[in-house]
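Okay, so here's the structure we're looking at.
The values are calculated or read from the model by the stated rules, or taken from the named source; none is laboratory data. Remember, predicted model here, so these are calculated numbers, not experimental data. Because the Cβ atoms are built from the backbone with ideal geometry, glycine has one as well, and the counts that use them run over all protein chains shown.
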Amino acid sequence: MKDMAGRSPGQTCMNSCRMLKPNLPGGYRIPFDPRGGGCGAAMRAMWIGLRYPNLDNIDDLIKVSVEAGRMIHNHPTGYLGSFSVSLFTSYSVQGKPIREWGKGMMDLLPQVQDYVNRVNVYVEENLQAYDSRWEDLCSRSLFHCGDSDSTGVIAAAFYGAMFGFQGVPKNNYDGPEKKQQLLKLAEKLFEIMHRKY
């Protein structure tokens, strides 16, 4: 949040970040927010799919994506975006055919709900917000038009995980802001992933 000049962060993200207490136990938790939807959690979740790219990591992917999402968007329509983007990024790395992504996500949603129940944080509020129809929730929060900068960065992450820079014009990736920091982070993620496998 200290480097947001000219970036137009969302109000939900800004308010949520102000509530975080990173040096305290449990300081990563914020209160449940009945209006905590939005795309901010999804926009920041691609790294999770890169860190946990295989099916044997699915429990870790669920845990980290839900908790990372709830840090700034503590509502199912917020953190489910984090989960889906993380999952779809892992599918990209796996080379899973795109036509199978939606079903794969829908098959895992009960595990996400089980995780939320086990953690026992704002369970009642979350269950009421689910409205008992996961399909409707996902349709409203994940598969929509609009906010093209957010959906574009997410789609680009999936493409990059699957194809690298193949077919991407060089001027789209040659000189991004903070390129050296991004390259170092990418190398660390790659090392972590290969250490485990």
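Is one or more of the residues making up the stretch 70-81 among the basic types (Lys, Arg) and closer than 25 Å to LYS178 by Cα?
Within the stretch 70-81, none of the residues are among the basic types (Lys, Arg) and closer than 25 Å to LYS178 by Cα.
Does the stretch 90-110 hold any residues that are surrounded by 12 or more Cβ atoms within 10 Å (Cβ to Cβ) and either in contact (Cβ under 8 Å) with a residue 24 or more places away in the chain or among the β-branched types (Val, Ile, Thr) (or both), and which are they?
Residues satisfying the conditions are SER90, TYR91, SER92, VAL93, GLN94, MET105, MET106, LEU108, LEU109.
Taking the stretch 127-161 as the search range and keeping residues that are aliphatic (A, V, I, L, M), closer than 24 Å to GLN111 by Cβ and not in a loop (DSSP other than H, G, I, E, B), which one is modelled with the lowest pLDDT? Please lay out each step first, then the result.
Filtering the stretch 127-161 for residues aliphatic (A, V, I, L, M) gives 127, 129, 137, 142, 153-157, 161.
If we keep only those that are closer than 24 Å to GLN111 by Cβ as well, we get 127, 129, 137, 142, 154, 157, 161.
Now narrow it down to the ones that are not in a loop (DSSP other than H, G, I, E, B): 127, 129, 137, 154, 157, 161.
Values: LEU127: 82, ALA129: 79, LEU137: 40, ILE154: 75, ALA157: 80, ALA161: 83.
Among those residues, the one meeting the criterion is LEU137.
Check CYS17 against each of (1) in a helix (DSSP H, G or I); (2) touching a Gly at 6+ places or on another chain (Cβ under 9 Å) and name the one condition it does not meet.
(2)
With respect to LEU50, determine if the residue is more than 9 Å from the chain's Cα centre (by Cα), in contact (Cβ under 8 Å) with a residue 24 or more places away in the chain and part of a helix (DSSP H, G or I).
Against the criterion (more than 9 Å from the chain's Cα centre (by Cα), in contact (Cβ under 8 Å) with a residue 24 or more places away in the chain and part of a helix (DSSP H, G or I)), LEU50 qualifies.
How about the stretch 112-126: which of its residues are surrounded by 14 or more Cβ atoms within 10 Å (Cβ to Cβ) and in a helix (DSSP H, G or I)?
VAL112, GLN113, TYR115, VAL116, VAL119, VAL123, GLU125, ASN126
Report, by residue number, each residue of the stretch 17-39 that is at pLDDT below 85 and under 18 Å from TYR122 (Cβ atoms).
Selection gives PRO34, ARG35, GLY36, GLY37, GLY38.
For the stretch 23-40, does any single residue satisfy the condition of being surrounded by fewer than 18 Cβ atoms within 10 Å (Cβ to Cβ), of a type in the set (A, V, I, L, M) and closer than 18 Å to MET162 by Cα?
Scanning the stretch 23-40 turns up no residue that is surrounded by fewer than 18 Cβ atoms within 10 Å (Cβ to Cβ), of a type in the set (A, V, I, L, M) and closer than 18 Å to MET162 by Cα.
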